[in-house]
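In what follows, a structure is listed as structure tokens, so that the remarks can point back to it.
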């Protein structure tokens, strides 16, 4: 058996040469495929045709009546600019529309207060230099190499300096207080005991001893063994 391609052939056709037989067998299948593809193509065109027709429809765009052509809008823009420059203007529509009036009112802006620019001079007191304290005057030293009781008492009280003034309230060789000095007539010689001479101080001391003894000099009295 030669197989299925030779099943439906007549005895006479079975002896056709091999080459023509193969072409005769394959030719119907080729035509079938071409017809099948053509049918598919036609079906696709039929389906896409309505969509293509719908997309090709022109869309009507409504233009607002209020919009003006560009050529007609230029004069109105110039008129608006003139109205703003003059602070008051009237815009007349060239297309027959109603007139538009615009008024601009100036608003007063408060002027800020001005600060004085004048220079203010302030007098700065010049500090007065404090004078340097004067050095204390050198103490006057008056000694006497005597052997009297008053010389011994002066050496015990003030080191024998009849002009001493240490600032402790007692003055001179015998260390009088100012009250005692004035009370026993010392003011007739000097204002302060240390300003008087040795003789003047002894004169006042003798008046004091006549009234009170050596009690006004208690420490040196005991040291010197005075009554």
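Read-outs throughout are calculated quantities, based only on the coordinates presented, and are distinct from any laboratory measurement. Fair warning: this is a prediction, and the values are worked out from it, not measured in the lab. Positions of Cβ are generated from backbone atoms using ideal geometry, with glycine treated the same way; all protein chains shown enter the neighbour counts.
Of 34, 202, the sequence from fewest to most neighbouring Cβ atoms within 10 angstrom is 34, 202. Counting neighbouring beta carbons within 10 Å and listing from fewest to most, the residues 148, 158 come out as 148, 158. Start at zero, step by 5 Å, and the Cα-Cα distances of region 149-224 spread as 3, 18, 31, 29, 16, 3, 0 percent across the bins. Fewest neighbouring Cβ atoms within 10 Å first, the residues 124, 204, 141 line up as 124, 141, 204.
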